[in-house]
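What follows draws every value from the coordinates through simple rules; no lab data is involved. Computed from a predicted structure; not experimentally measured. With ideal geometry, Cβ positions are generated from the backbone for all residues, glycine too; neighbour counts draw on all protein chains shown.
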């Protein structure tokens, strides 16, 4: 039997879009929101698909961090003070949604959980989000 769960999380982080020509080129912060839908088979003993706190734990890698494109020269400047979270490409809400999906699916595989992401929405602000589906 397939079971579905949903988890809403929030994190505070800064980013910049070095390939964007506008004010988002500059380092700035957001109160991000990530909505996660997952499905799979519940554990026979615990009757839980995936502990909601584990979903949050995976996403909290971004909390109170600077998120940068791994090719951004600002990353090297920041390294002596703080290790930024690096993404393949500019850390847009689209890229973060994909990155979160990849991290959650990898976590489930590593812990032998029969669960996977079916949808993620990453909200950069109250009226703007990017959404990705399953791999």
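Once the Cα atoms of helix 93-110 and of the chain are each reduced to a long axis, what angle between those two axes, in degrees from 0 to 90 to the nearest 10, is obtained?
That helix lies at roughly 40 degrees to the long axis.
May I ask you to derive the relative contact order of the chain, considering only C-alpha pairs under 8 Å and at least 6 residues apart, and to give it as an integer percent?
28
When N is the residue count of the chain, what does its C-alpha Rg come to as a fraction of 2.2 N^0.38 Å?
Against the compact-globule rule of thumb, the ratio is 1.12.
Going by average Cβ neighbours within 10 Å, how do the peptides 80-90, 61-71 rank, with the highest at the top?
Sorting 80-90, 61-71 by mean packing, highest first, produces 61-71, 80-90.
Going highest first, how would you order 109-115, 15-21 by mean Cβ packing within 10 Å?
15-21, 109-115
Based on DSSP, what percent of beta bridges with both residues in segment 1-108 are antiparallel, to the nearest 5?
So the antiparallel bridges in segment 1-108 amount to around 70 percent.
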